[in-house]
Amino acid sequence: MNRAIGEALGELEKVIAGKRAAIERVVLAMLAGGHVLLDDVPGVGKTTLAVALSRVFSLRFRRLQCTPDVLPSDIVGYSLPDRDTGEFVYRPGVVNGAELLLADEINRASSRTQSALLEAMEEKQVTVDGETHPLARPFLVVATENRVGAAGTQSLPFAQLDRFLLRLTIGYPDRAAQIALMRDRQQADPLESVRAVCSREDLLRMQEETRAVASTDRVLEYIARLAEASREENLLEVGVSPRGALFVDRAAKARAYIEGRDYTTGADVQAVFMDVCAHRVLPSRKARTEGVSPAKALEGLLARVENPDRRA
């Protein structure tokens, strides 16, 4: 494993005990330059993980606490006339200057406010009154949502979900991890002991190295066959989009990079496929009638579509 990534994972495990796989997935998304949606019950460490990430990777952190009264202008900024000159002056929003943005409980914001993040997440810029303002590099969004107490929440639009590289759950800790969590917090908050192991420049360099990881034609064909199969699957009304296929490739490259390889394999694709694609497909009426989840339908595709690693 890449040494810096190994150290980063160790620091993150100080605050999220017993959840190595989930932490690795979030770091994978950062290397791929993608955004993460943490969808889980309250109290499992979603916000803590986002704060710890910003410290470990030395990123400027901003938090947007999503509520029904948050406006799009709070996110992208707005223009006001200058008292002296009368000219309109741009007042930055929360995304400006952020390198890691926590959109906490994003499903409590209105659909109009949620959509204000679309341009920022996809194009790393915001446009206000016809003027475009570039965002910092990197610009990463970690959004959280929970479905407990759904009153007053807004389901994320499908186009918004499609902007997230991964949708993850952290889940409850096991008994040993729960005991360790309580023990570690008897005298102090472990978050205060988290140290930076990478600079912003280090992360940008690792993102470039991740992009340089090679995907052979056999691996790209495998991703394409999986995407096509999802579009033809009678259990799915909407299959994996072209953006989804691109994201599978990017995530597979990040997994290979974490493991110290400069090439991807079919195993990399299989390892990331569910987390990348399960939230960007929709079940058909047949699936809803039979109680088959999108994840279950995608598992069937992975079982049926030939993995190039198995070829002679």
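The values are calculated or read from the model by the stated rules, or taken from the named source; none is laboratory data. Here the structure is a predicted model, which means the values were calculated and not measured. Cβ sites come from the backbone with ideal geometry, for glycine too, and all protein chains shown count toward neighbours.
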Within segment 71-99, the count of residues that are among the charged types (D, E, K, R) and crowded, with 19+ Cβ neighbours inside 10 Å comes to 1
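Looking at ARG261, ARG288, ARG250, which one is of a type in the set (D, E, K, R), within 22 Å of the chain's Cα centre (by Cα) and not in a strand (DSSP E or B)?
That would be ARG250, the only listed residue that is of a type in the set (D, E, K, R), within 22 Å of the chain's Cα centre (by Cα) and not in a strand (DSSP E or B).
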Count of residues meeting criterion [small (Gly, Ala, Ser) and under 12 Å from LEU298 (Cβ atoms)] in segment 232-281: 3
Would you mind stating whether ARG211 is of a type outside the set (Ser, Thr, Tyr), under 22 Å from the mean Cα position of the chain (by Cα), surrounded by fewer than 17 Cβ atoms within 10 Å (Cβ to Cβ) and modelled with pLDDT of 90 or more? yes
Scanning segment 101-154 for residues that are at pLDDT 90 or above and of a type in the set (Gly, Ala, Ser), the one farthest from VAL89 (Cα to Cα) turns out to be ALA143
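Results for (1) surrounded by 15 or more Cβ atoms within 10 Å (Cβ to Cβ); (2) in a helix (DSSP H, G or I); (3) touching a Pro at 6+ places or on another chain (Cβ under 9 Å); (4) acidic (Asp, Glu), shown as yes or no for each residue.
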site: CYS198; (1), (2), (3), (4): yes, no, no, no
site: ASP202; (1), (2), (3), (4): yes, yes, no, yes
site: ARG231; (1), (2), (3), (4): no, yes, no, no
site: ALA256; (1), (2), (3), (4): yes, yes, no, no
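Pick from TYR257, TYR263: which is aromatic (Phe, Trp, Tyr) and more than 23 Å from LEU100 (Cα to Cα)?
Values: TYR257 fails: more than 23 Å from LEU100 (Cα to Cα).
One residue alone meets the criteria, TYR263.
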Between ALA252, ALA287, ALA224, which is small (Gly, Ala, Ser) and more than 26 Å from LEU38 (Cβ to Cβ)? ALA224
It is to be established whether one or more residues within segment 156-175 are surrounded by 13 or more Cβ atoms within 10 Å (Cβ to Cβ), modelled with pLDDT of 85 or more and on the phi > 0 side of the Ramachandran plot. yes
Index of the failed condition, HIS133 passing every other in (1) over 14 Å from SER73 (Cα atoms); (2) part of a strand (DSSP E or B): (1)
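Picking from GLY77, GLY86, GLY97, which residue would you name as being of a type in the set (Gly, Ala, Ser), under 27 Å from VAL194 (Cβ atoms), assigned by TED's automatic domain parsing to the domain that holds ALA8 and over 18 Å from the mean Cα position of the chain (by Cα)? First the steps, then the outcome.
Numbers: GLY77 fails: under 27 Å from VAL194 (Cβ atoms); GLY86 fails: under 27 Å from VAL194 (Cβ atoms).
None of the other options fit; the residue is GLY97.
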Condition check: within 16 Å of ALA295 (Cα to Cα) and outside the structural domain of GLU145 (by TED's automatic domain parsing). Does LEU236 satisfy that? yes
ARG310 passes all but one of the listed conditions (1) surrounded by fewer than 15 Cβ atoms within 10 Å (Cβ to Cβ); (2) of a type in the set (Lys, Arg); (3) at pLDDT 90 or above; (4) touching a helix residue (DSSP H, G or I) at 6+ places or on another chain (Cβ under 9 Å); the exception is number (3)
Odd one out for GLU123, checked against (1) buried (at least 16 other Cβ atoms within 10 Å of the Cβ); (2) among the acidic types (Asp, Glu); (3) without any contact (Cβ under 8 Å) to a residue 60 or more places away in the chain: (1)
For THR85, only one of the following conditions fails: (1) at negative phi; (2) modelled with pLDDT of 90 or more. What is its number? (2)
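Looking only at residues that are over 17 Å from the mean Cα position of the chain (by Cα) and within 19 Å of GLN65 (Cβ to Cβ) in segment 127-154, which one is surrounded by the fewest Cβ atoms within 10 Å (Cβ to Cβ)?
Applying the first criterion (over 17 Å from the mean Cα position of the chain (by Cα)) to segment 127-154 yields 127-136, 147-154.
Checking which are within 19 Å of GLN65 (Cβ to Cβ) leaves us with 147-154.
Working: ARG147: 11, VAL148: 9, GLY149: 9, ALA150: 11, ALA151: 4, GLY152: 9, THR153: 18, GLN154: 18.
Residue satisfying both the conditions and the ranking: ALA151.
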